1. Using the alpha-carbon atoms, what tilt in degrees (0 to 90, nearest 10) does helix 237-260 show relative to the longest principal axis of the chain?
2. Equivalent-ellipsoid semi-axes (√(5λ), Cα gyration tensor) for the chain, whole Å, largest first?
3. If packing is taken as the average count of other Cβ atoms within 10 Å, what order do 285-291, 191-197 fall into, highest mean first?
4. Measure out, as a whole number of angstrom, how far apart the alpha-carbon centroids of region 1-58 and region 105-142 sit.
5. Positive end of the charge dipole of region 5-208 (Lys, Arg +1 and Asp, Glu -1 on Cβ, about the Cα centre): tell me which of Phe170, Ile138, Ser26 has its Cα farthest that way.
6. Student exercise: in the chain, how many lysine pairs 8 or more apart or on different chains have Cα atoms under 25 Å apart?
7. Compare the Cα positions of Val124, Leu285, Gly79 along the charge dipole of the chain (+1 at Cβ of Lys, Arg; -1 at Cβ of Asp, Glu; about the Cα centre) and return the one farthest towards the positive end.
8. Treat region 20-104 as a sphere of radius equal to its Kirkwood radius over Cα pairs and apply Stokes-Einstein at 4 °C in a medium of 1.567 mPa s; give the translational diffusion coefficient in µm²/s, rounded to a whole number.
Amino acid sequence: MGAGVSAVIPCKDRPLLLDRALESISRQTILPDEVILVDDGSEPAITVSRDYPVPLRVVRQDNRGPAAARNRGIEEASGEWIALLDSDDTWVPEKTEYQLRLLSRYPHAGFCVSNMTTHGRPAVEFPLAPEMGAADGIIRDAVERLLPGRFISSSGVIFKRDAFYQVGGFDERLWFCEDYDLWVRLAAVTPVVATTSCLNDVFREGDNLSDFENDPAAGEIIASIFRNLMVWPLFQPDVRRQAGVILGKKLFDLAYTYRKSGRPLACCWASIRSLANQGPLQANLKNFLLCGPDLLLQRYAAAQRRASWGATAP
């Protein structure tokens, strides 16, 4: 395999965390060929005040979100391989060397994923562990394993630029789970090799988009991803059908989130969409049952407010 590796870091307003991330790149036993740092509208603009042993280029753009920032960094990169690093994460010193060595053993693979160590959040099961207890290997059913929404870290992946452009890159309409959306599409077009070795550290510190995972707006984003996966032409028909079944379950989760946030009408609409996509019947009917009184109370309160305004009008 070609050893040209470009590290791409999107960043907004995290100068201290960014310095930690860049330091972890400088400690690599095999250095990447370049670092592309995309300043996604930081105020003040990001400045790099010290020299690193890797050529580093800062690209500035107006704030457009992580998907657009990563796309811009990859567009500016020159390497055959793209290694992502989030600005609040770090690589272990052997990360680049380990993944390049692993890819040299599987030259037909265009996507490599490593396990991670988590800080400030519960540990999650690595979804791409090779079969038979092996530490490293090809994952032949990567799409099926990733499809339910299982998490892998952006900072633990390296992939071929050609495969990235084959699937259209990051979807810039998404501000949440845009990485998951890309991983599933990449796994559909190129063999995936994975290792259970923890090659990066993932931190949850301060502002983090994953903090919005229980927000209804995030649930709508997830639903939109599965609607797109259902019709993506590079998936086999059975995968598209499975995406439709998962969409029904995700829409029920969204309905429940709406109900808990006091939005009964939105809850009922999400349940209708869930049922239209083979979502759980009894659980969705329960949403209708529980949201009915809330809707009546809201309408009654609105009518009382209108009557009160009418009584006080001159």
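Nothing in this text is a laboratory measurement; each read-out follows from the coordinates by a stated rule. Quantities reported herein were computed from a predicted structural model and do not represent experimental measurements. Glycine also receives a Cβ, built like all others from the backbone with ideal geometry; neighbour counts cover every protein chain displayed.
1. Tilt of helix 237-260: around 50 degrees.
2. For the chain, the ellipsoid semi-axes come out as 41, 25, 16 Å.
3. Peptide ranking by packing, descending: 191-197, 285-291.
4. Spelled out, the Cα-based centre of one part sits 25 Å from the other.
5. Towards the positive end, the residue furthest out is Ile138.
6. Final tally of qualifying lysine pairs is 7.
7. Leu285
8. My calculation gives 95 µm²/s for D.
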